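**Student:** Could you have a look at this structure, given as structure tokens, before my questions?
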Amino acid sequence: MTRVLVVAKAPVPGRVKTRLAVDIGDEAAAEVAAASLLDTLAACSDAVGPARCHLAVAGDLDDAVHGERVRRMAAGWRVTPQVGAGFAERLVHAHGEGPGPVVQVGMDTPQLTPALLLDVVTCLESHPGVLGPAEDGGWWVLGLRDPAAAAALGRVEMSTPTTYDDTRAALAGVGVPVALAAVLRDVDTLADAEAVAAQAPDSRFAHTWREVRR
């Protein structure tokens, strides 16, 4: 049975959305990050149910903006701390924390819908891997029928304009060709936030974005 994995940072001011914080400040950026994470958790729960969801979190939710809301949204989920020195290492570890097929997302695509997630789940039935490109050259979703294949991520530099291509090549190198999922836009900058809020105007993210931009 496919599980859904969210790899995210606790929305602590000064630790999340640092590029966005340059324009709107640390506190506002953390508010936006919290809303994005809440939207993501809701979409995952709606797609497969909380019992099949896992949140691997970096940082302490006790120090986070809306940390208690995040805990309530993740009720019924498996919640664990991230383990590893770098982001790629933490991804590999999180994938390996459970058996069976896994669909992994981050917290930077609040426009995510249950339907998009379920499309990836369905695609894994006929493909060993699924990868969804982000507009900035990274990726927003990775589905693996065998979570052990995530070890290939340890050789990929994350957050670069070639991360998607490098990830695809690394997986192909271990015998895991990937099917293509939808292209989404990550929220990293002011322009990204404006575009995604317009795309998903009824989301928590969009409501929070409008508040912090007043």
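The values are calculated or read from the model by the stated rules, or taken from the named source; none is laboratory data. Keep in mind the model is a prediction, meaning the values are calculated, not measured. Glycine also receives a Cβ, built like all others from the backbone with ideal geometry; neighbour counts cover every protein chain displayed. To get the accessible areas, we keep the full protein, side chains included, count just its heavy atoms, and leave off ligands, DNA and RNA. Shrake-Rupley method; radii C 1.70, N 1.55, O 1.52, S 1.80 Å.
**Student:** Per 0.36 nm of contour for each residue apart, how much would the distance between Glu125 and Arg71 grow if the chain were fully extended, relative to their Cα-Cα spacing?
**Tutor:** Details: separation 54, 0.36 × 54 = 19.44 nm, distance 3.12 nm.
So the chain would gain 16.3 nm between Glu125 and Arg71.
**Student:** Run through the DSSP bridge list for the chain and note the antiparallel percent, rounded to the nearest 5.
**Tutor:** Of all bridge pairs located within the chain, approximately 35 percent are antiparallel.
**Student:** Using 7 Å Cα-to-Cβ label points, what is the Asp60/Ala195 separation (nm, one decimal)?
**Tutor:** Taking the simple label geometry, Asp60 and Ala195 are separated by 3.7 nm.
**Student:** Please list, ordered by chain and number, the residues whose modelled amide H lies under 5 Å from the amide H of Val79; skip anything fewer than 5 residues away on the same chain.
**Tutor:** Hits under the 5 Å cutoff: Leu55.
**Student:** Turning to a different aspect of this structure: Per residue, what accessible area does the stretch 97-214 have, given a 1.4 Å probe and all protein chains present, in Å²?
**Tutor:** Solvent-accessible surface per residue comes out at 44 Å².
**Student:** Taking only DSSP H segments of four or more residues, each worth -39500 (n - 2.57), what value at 222 nm results for the chain once the sum is divided by all its residues, to the nearest 500 deg cm²/dmol?
**Tutor:** After summing the helix terms and dividing by residue count, I get -12000 deg cm²/dmol.
**Student:** Please report, in cubic angstrom per residue, the volume enclosed by the convex hull of the alpha-carbon atoms of the stretch 26-73.
**Tutor:** Working: hull volume 3.3 nm³, N = 48.
Each residue corresponds to 68 Å³ of Cα convex hull volume.
**Student:** While we're on this one: With no solvent and one equal point scatterer per Cα, compute the Debye intensity ratio I(q)/I(0) for the chain at 0.08, 0.09, 0.15 Å⁻¹ and report its log10, rounded to two decimals.
**Tutor:** Those come out to -0.24, -0.31, -0.91, one per q.
**Student:** Which shape class applies to the stretch 99-159: rounded if a/c is under 1.5, otherwise prolate when a/b exceeds b/c and oblate if not, where a ≥ b ≥ c are the square roots of the Cα gyration tensor eigenvalues?
**Tutor:** Oblate.
**Student:** Below 8 Å between Cα atoms, with a sequence gap of 6+, how large is the relative contact order for the chain in percent?
**Tutor:** Details: 436 pairs, mean separation 48.8, N = 214.
Normalised by residue count, the contact order of the chain is 23 percent.
**Student:** Label Asp146 and Ala42 with points 7 Å out from Cα along Cα→Cβ: what is the distance between them in nm?
**Tutor:** 3.8 nm
**Student:** Using a 7 Å offset from the Cα along the Cα-to-Cβ direction at both Met158 and Glu135, what is the distance between the two label points in nm, to one decimal?
**Tutor:** So the two model labels end up 2.2 nm from each other.
**Student:** How many percent of the accessible area of the chain is carbon or sulfur, using a 1.4 Å probe?
**Tutor:** Taking all protein chains in place, the chain shows 52 percent carbon and sulfur surface.
**Student:** In whole Å, what is the distance between the alpha-carbon centres of the stretch 142-214 and the stretch 28-56?
**Tutor:** The stretch 142-214 and the stretch 28-56 have Cα centres separated by 15 Å.
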